[in-house]
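Chemist: Once you've had a glance at the structure underneath, I'll fire off some questions.
What follows draws every value from the coordinates through simple rules; no lab data is involved. Quantities reported herein were computed from a predicted structural model and do not represent experimental measurements.
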Amino acid sequence: MAWRALRRVGPVLAPRCPRLSPPRVPAARRLATSSLVLSARKFTDKHEWVSVENGIGTVGISNFAQEALGDVVYCSLPEVGTKLSKHDEFGALESVKAASELYSPLSGEVTEINAALADNPGLVNKSCYQDGWLIKMTVENPAELDELMNEEAYEKYVKSIED
């Protein structure tokens with residue numbers, strides 16, 4: 001930002017300073033600001049999360065949810081092509097302690113399910129934010145992302161329900 005201030009006084013300093021230009025940021029360090037290109041993980045009050053990259057949302061359950069469930073032994077997931085509206089039930093997780101329904105954080109169409117969960121449902125417990133994702137879906141209405149909690153808000157929400 002200092003370069004902008006110096007640029008304003010450029011005519012005064014021009015004979016003594018080389019031409020000032022904005023700092024160059026390597027492409028690998030630039031962040032896209034569009035919520036559809038790459039978004040941080042967002043959470044629902046039912047403990048699902050979604051992360052969007054290039055218009056496709058990856059959905060899973062939070063660490064809080066997987067800890068509350070205990071060892072997941074079965075995953076019921078929708079078929080590819082299923083159209084979901086925000087808050088629609090799309091499946092269930094069964095554990096040694098309980099069963100829990102899964103709700104869509106966004107509206108869109110299921111494009112992929114995590115087939116690895118059929119043989120290894122425990123991935124939800126071992127790696128809920130990476131290998132234990134549940135479905136991938138198109139993002140029909142990007143504005144719905146703004147209605148979800150960011151990680152900081154979700155952590156506060158979890159603390160409020162634990163007290």
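Chemist: In terms of the Cα gyration tensor, with a ≥ b ≥ c the square roots of its eigenvalues, is region 47-163 rounded because a/c is under 1.5, prolate because a/b exceeds b/c, or oblate?
Modeler: Oblate is the answer for region 47-163, as a/c is 1.5 or above yet b/c matches or exceeds a/b.
Chemist: Under 5 Å between amide H atoms, partner at least 5 residues away or on a different chain: which partners does L84 have, H built in plane at 1.01 Å?
Modeler: Excluding prolines and chain starts, which carry no amide H, the hits are G108, E109, V110.
Chemist: Each residue of region 74-80 in order: what ³J(HN,Hα) in whole Hz does its phi give by Karplus 6.51 cos²θ - 1.76 cosθ + 1.60, θ = phi - 60°, with x for Gly and Pro?
Modeler: 7, 10, 10, 10, x, 7, 4
Chemist: Among the listed pairs K83/K126; K86/K136; K42/K86; K46/K156; K97/K136, give every one whose C-alpha distance is greater than 23 Å.
Modeler: Details: K83/K126 29 Å; K86/K136 14 Å; K42/K86 14 Å; K46/K156 14 Å; K97/K136 27 Å.
With Cα atoms farther than 23 Å apart: K83/K126; K97/K136.
Chemist: Taking amide H positions as placed in the peptide plane 1.01 Å from N, state which residues far from V73 in sequence (5 or more) or on other chains have amide H under 5 Å from it.
Modeler: Sorted by chain and number, the residues that satisfy this are E94, S95, V96.
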